Amino acid sequence: MIRRLSQARERGIPEATVARLPLYLRALNGMAERGLATVSSEDLAVAAGVNSAKLRKDLSHLGSYGTRGVGYEVEYLIYQISRELGLTQDWAVAIVGVGNLGRALANYGGFVSRGFRVAALLDADPEVVGDHIAGLTVEHIDELEAVIRRRAVSIVVLATPAAAAQQLADRVIAAGVTSILNFAPVVLAVPEGVDIRKVDLSIELQILAFHEQRKTDRMTGGPAMAEEWPEAVDL
């Protein structure tokens, strides 16, 4: 997947556009499941949560302008976006860290339909190694490099404690993997040429808590916002 995204960048497709393509693809797949043959830019934009002008500009980078008065062909647009994202081929994924999160990811059934195949599960805990999860046997982390090579792993998912993540990332990169999805609550240092995506659930929850607090304050006349503070206070 990351190789295709790198090619997209080389062709001048903006990072923000690349980040929105999966949103369009998810919306389109839902429409295809409902039997829709075509969709207008306005309807697709609403389904993806963006404005229609931005959507049309994004899709123009793919060479897809739709048909005036008709819109976009759903199946063809799915193919175009899938090809751009590199989802028309099979990507082998290794999940490192098979705690509750790692197990949930391993059991997620949506990977295969989106071009990803969980090819390996690895953990350091002797009580976990040897477990059978989603048709795979958990292997010991000592076998990481050999597993990456043997299973032709392209993407590694780190679902480990923060303390272990950097060392494991270094090993993964040394083994030739340049695409990492990091769930560990830590910022990883990686060399140029390595693509890393970070998913931090605690940060997302904190952002939601901020918005909830703002809504509560507006309803109750709670703490003043910064812009409401006096410019100066004489003490």
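Quick notes on this one:
- With respect to the conditions (1) open to solvent by 60 Å² or more (accessible area, probe 1.4 Å); (2) in contact (Cβ under 8 Å) with a residue 24 or more places away in the chain; (3) in a loop (DSSP other than H, G, I, E, B), V153 lacks only one, and its number is (1).
- Any hit, region 125-148, residues being surrounded by 12 or more Cβ atoms within 10 Å (Cβ to Cβ), hydroxyl-bearing (S, T, Y) and either touching a residue at least 24 places away in the same chain (Cβ under 8 Å) or not in a helix (DSSP H, G or I) (or both): no
- Across region 32-46, the number of residues qualifying as among the hydrophobic types (A, V, I, L, M, F, W, C) and open to solvent by less than 60 Å² (accessible area, probe 1.4 Å) comes to 4.
- On inspection, I180 fails the criterion of being in contact with a Pro (Cβ under 8 Å, 6 or more places away or on another chain) and either part of a loop (DSSP other than H, G, I, E, B) or closer than 25 Å to G115 by Cβ (or both).
The values are calculated or read from the model by the stated rules, or taken from the named source; none is laboratory data. All values derive from a computational prediction rather than experimental measurement. Don't worry about glycine lacking a Cβ; one is built from the backbone with ideal geometry, like all the others, and counts go over all protein chains shown. For accessibility, only protein heavy atoms count, side chains too; no ligands or nucleic acids. Shrake-Rupley method; radii C 1.70, N 1.55, O 1.52, S 1.80 Å.
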